[in-house]
Amino acid sequence: MMDWLQLFFLHPVSFYQGAAFPFALLFNYLCIMDSFSTHARYLFLLVVGGALAVAAMGSFAVLVFIPALCTVVLIYSLGPQDVHRLTFLFQMSWQTLCHLGLHYTEYYLQEAPSTRFCVTLSSLMLLTQRVTSLSLDIREGKVAAATAGGGIRNRSSLSERLWGALPYFSYLLFFPALLGGPLCSFQRFQARVQGPSSLYPRHSFWALTRRGLQILGLECLKVVVRRAVSTGAGLTDCRQLQCVYVTWSTAGLLKLTYYSHWLLDDSLLYAAGFGSEFGQSPGEEGYIPDADIWTLETTHRIALFTRKWNQSTARWLRRLVFQQGRTWPLLQTFVFSAWWHGLHPGQVFGFLCWAVMVEADYLIHTFANVFIRSGPMRVLYRTLTWAHTQLILAYIMLAVEVRSLSSLWLLWNSYNSVFPTVYCILLFVLAKRKHKFN
């Protein structure tokens, strides 16, 4: 299990995100200057994004450039009511083909995938978010239909058409969100580029310093936890209740890594001005960072953890799938999430398990709020459900992250399976009682 853990923790995305910081600060500085036109800002974000893609992905960067180009062509070729369906199908088909290439390397050739290819897949997943968010905005009228679809039908020159398409190219490939970061809507992106600099030097200095100290603290804590995980037993040689500790500590290490990455991504967006609360226009989507560490670590509700884990992605999934689904929207959302992540066996199992746990969480806490009245009992109830929630989420996290069927089987056969099984039994019992009450 430590092989895939090491691959996860030594991922080079953090290096390239750090290397992009001077360009983010330079972009903000140039935005203060009146001579830095709107077109120049779009070009700066696009060119630096393209250079960052080539540096991080090498020749695999073409796998990101092609769908970005095709998306802009579809936006300019289709009407507002058709653009979302076709761009969604094209983008997910392209991403799935790339994920199948990863499956072929890992499961058929039994070889370790190229690190640059893994970075490319991660960037493709983020590109899918921006593509579908933009196409939904066009369909819902948040982005003017004439802007989205009228350019190619009029008699404007080629240069005017290219300048008209520049905001879309720039949005799909702009460097602060190319390799990570919360989803930034096209409206917010456009308002930021067209408006003045939204960062005050003194405020931005302390905000970035605070984020840097948080990242430093997480990295120090991660070193301590990693030593404990690497020196202890693994799932292959743990016994009985020891496997519970192994799963919990390994999941803790994974969470610390995610928190650190999310804070770094958030800092890069903030340095470029896209994560700032200043300059937000009326009706524009509010900025939500991905990491709400306090809530994630203290909540006793699986449903609340689900909404707060990687918040911008959770909000995107809710808008893209959950709100569109007519039957079993919760299950549809988690099935799509498994598809979007690549449909590895552990991901399919983990996300389906997660969906069942969320459904059970709703019922369990609904009945608990009715029958548990006294203060001491509520404290005891919250304490027990907090511990149970953390152990279930550790189980799900490891299931999603493991790549081999053998590791998934070890997890399934360990004592860790007791915790989701308890929730499954309670779901069955409480669902019958709810049916009787109805």
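Computed quantities for the displayed model
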quantity	calculated
Counted residues, region 133-155 - those being assigned to a loop (DSSP other than H, G, I, E, B), at pLDDT below 60 and surrounded by 12 or more Cβ atoms within 10 Å (Cβ to Cβ)	3
Filtered residues of region 215-244 (kept if without any contact (Cβ under 8 Å) to a residue 12 or more places away in the chain and outside any loop (DSSP other than H, G, I, E, B))	L216, G217, C220, V223, V224, R227, T231, Q242
Top-ranked residue of region 363-391 - restricted to ones that are at pLDDT below 95 and small (G, A, S), ranked as nearest to T250 (Cα to Cα)	A368
Output for region 156-186, where each listed residue is in contact with a Gly (Cβ under 7 Å, 6 or more places away or on another chain) and at pLDDT below 85	R161, G164
Selection from region 315-339 of residues that are touching a Leu at 6+ places or on another chain (Cβ under 8 Å) and open to solvent by less than 70 Å² (accessible area, probe 1.4 Å)	W316, R319, L320, F322, T333, F334, F336, S337, A338
F189 at pLDDT below 90, among the aromatic types (F, W, Y) and open to solvent by less than 20 Å² (accessible area, probe 1.4 Å)	no
When residues of region 16-68 are limited to those that are among the β-branched types (V, I, T) and either open to solvent by 40 Å² or more (accessible area, probe 1.4 Å) or not in a helix (DSSP H, G or I) (or both), the one modelled with the lowest pLDDT	I32
Near pairs, Cβ below 8 angstrom, 6+ apart or cross-chain, from region 341-365 (open to solvent by less than 10 Å² (accessible area, probe 1.4 Å)) to any residue that is not in a helix (DSSP H, G or I)	H344/R403; G346/V402; G346/R403; D361/R301; H365/R301
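The values are calculated or read from the model by the stated rules, or taken from the named source; none is laboratory data. What you are looking at is a predicted structure, and each value in this text was computed from that prediction instead of being measured. Reconstructed Cβ throughout: ideal geometry from the backbone, glycine too, with neighbour counts over all protein chains shown. In case anyone asks, the SASA skips ligands and DNA or RNA and just uses the protein heavy atoms, side chains included. Shrake-Rupley method; radii C 1.70, N 1.55, O 1.52, S 1.80 Å.
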